[in-house]
1. Would you point out the residue of region 35-55, among those that are loosely packed, with under 13 Cβ neighbours inside 10 Å and among the small types (Gly, Ala, Ser), that is nearest to ALA66 (Cα to Cα)?
2. Anything in region 11-34 that is of a type in the set (A, V, I, L, M), surrounded by fewer than 13 Cβ atoms within 10 Å (Cβ to Cβ) and either modelled with pLDDT under 95 or in a helix (DSSP H, G or I) (or both)? List them, or say none.
3. Can you work out which of the residues in region 56-73 that are among the aliphatic types (A, V, I, L, M) and in contact with a strand residue (DSSP E or B) (Cβ under 7 Å, 6 or more places away or on another chain) is surrounded by the fewest Cβ atoms within 10 Å (Cβ to Cβ)?
4. Quick one: how many residues across region 35-73 are in contact with a helix residue (DSSP H, G or I) (Cβ under 9 Å, 6 or more places away or on another chain), under 13 Å from LEU5 (Cβ atoms) and in a loop (DSSP other than H, G, I, E, B)?
5. Can you tell me which residues in region 1-10 are hydrophobic (A, V, I, L, M, F, W, C), assigned to a loop (DSSP other than H, G, I, E, B) and within 17 Å of LYS69 (Cα to Cα)?
Amino acid sequence: VQSFLLDDIHPHDLGTILDHQGVAIRTGHHCAMPVMEYFGIPGTARASLGLYNNEDDIDRLVAALATAKKLFA
């Protein structure tokens with residue numbers, strides 16, 4: 001499980017963009033709202049990998065993140 005922020009893209013916007021590309025991530029506070037408030041961030045995006053994921057899934061995630069960056073450039 002990796003929580004992250006991508007540039008100035010709000011995590012909920014990022015989740016929507018990735019969803020439209022067929023990539024599922026979680027967004028929000030992830031039961032850690034005090035930590036988010038402490039760091040002054042609105043939440044994070046979170047990608048999880050499991051035994052069922054493969055290299056193609058990771059490539060799709062990376063490509064979807066690149067697309068999101070271009071949309072907000």
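1. Out of the qualifying residues, it is SER48.
2. Taking region 11-34 as the starting set, the residues that turn out to be of a type in the set (A, V, I, L, M) are 14, 17-18, 23-25, 32-33.
Next cut, surrounded by fewer than 13 Cβ atoms within 10 Å (Cβ to Cβ) only: 24, 33.
If the condition is that a residue be of a type in the set (A, V, I, L, M), surrounded by fewer than 13 Cβ atoms within 10 Å (Cβ to Cβ) and either modelled with pLDDT under 95 or in a helix (DSSP H, G or I) (or both), then MET33 is the only one that fits.
3. To start, the set of residues in region 56-73 that are among the aliphatic types (A, V, I, L, M) comprises 58, 61-66, 68, 71, 73.
Retained after the next criterion (residues that are in contact with a strand residue (DSSP E or B) (Cβ under 7 Å, 6 or more places away or on another chain)): 61, 65, 68.
Details: LEU61: 18, LEU65: 22, ALA68: 23.
Within region 56-73, the match that is surrounded by the fewest Cβ atoms within 10 Å (Cβ to Cβ) is LEU61.
4. Result for region 35-73: 4.
5. Step one: filter region 1-10 for residues hydrophobic (A, V, I, L, M, F, W, C), giving 1, 4-6, 9.
This time we only want the ones that are assigned to a loop (DSSP other than H, G, I, E, B), so: 1, 5.
Within region 1-10, LEU5 is the sole residue that qualifies.
The values are calculated or read from the model by the stated rules, or taken from the named source; none is laboratory data. In this text, all values refer to a predicted model and were calculated from it rather than measured experimentally. Please note: Cβ atoms are built from the backbone with ideal geometry, for glycine as well, and neighbour counts cover all protein chains shown.
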